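The block underneath contains the structure these notes are about, expressed in structure tokens.
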Amino acid sequence: MLSGSFMDYQLPRAAELPDLDITLMSVPTRANRQGAKGACQARAIAAPQTIISAVQDALVPLGVTHIDIPATSERVWRAIQQASARR
């Protein structure tokens with residue numbers, strides 16, 4: 001190990017990074033008449049799906065195959081009850 005803690009860890013500085021050549025390209029989508037695409041939500045958009053997927057994975061042993069977002073305690077309880085009624 002080269003660093004004993006994050007206090008010793010050297011983060012790269014701008015002078016140590018390679019030169020970047022950035023080119024912005026506009027490619028309209030054919031999915032709508034405006035050609036517009038969603039933007040600036042890429043970081044936040046995966047969180048709900050990730051959480052609901054984890055909830056579904058946890059409930060598979062109980063026979064639950066689907067649960068809608070948001071996974072409220074009532075929805076989880078009802079999904080478990082419905083799955084046990086099908087068994």
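The values are calculated or read from the model by the stated rules, or taken from the named source; none is laboratory data. This structure is a prediction, so every number in the text was calculated from the model and none was measured. Backbone-built Cβ (ideal geometry, glycine too); neighbour counts: all protein chains shown.
If you scan the range 69-87, which residues turn out to be surrounded by 12 or more Cβ atoms within 10 Å (Cβ to Cβ), assigned to a helix (DSSP H, G or I) and within 24 Å of the chain's Cα centre (by Cα)? Those that are surrounded by 12 or more Cβ atoms within 10 Å (Cβ to Cβ), assigned to a helix (DSSP H, G or I) and within 24 Å of the chain's Cα centre (by Cα): ARG75, VAL76, ALA79.
A quick yes/no check of all residues on (1) out of contact with any Pro (no Cβ under 7 Å at 6 or more places or on another chain); (2) surrounded by 10 or more Cβ atoms within 10 Å (Cβ to Cβ); (3) modelled with pLDDT under 85; (4) assigned to a loop (DSSP other than H, G, I, E, B):
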{"position": "MET1", "(1), (2), (3), (4)": "yes, no, yes, yes"}
{"position": "SER5", "(1), (2), (3), (4)": "yes, no, yes, yes"}
{"position": "LEU20", "(1), (2), (3), (4)": "yes, no, yes, yes"}
{"position": "LEU24", "(1), (2), (3), (4)": "yes, no, yes, yes"}
{"position": "VAL27", "(1), (2), (3), (4)": "yes, no, yes, yes"}
{"position": "ALA36", "(1), (2), (3), (4)": "yes, yes, yes, yes"}
{"position": "PRO48", "(1), (2), (3), (4)": "yes, yes, yes, no"}
{"position": "LEU59", "(1), (2), (3), (4)": "yes, yes, no, no"}
{"position": "ILE67", "(1), (2), (3), (4)": "yes, yes, no, yes"}
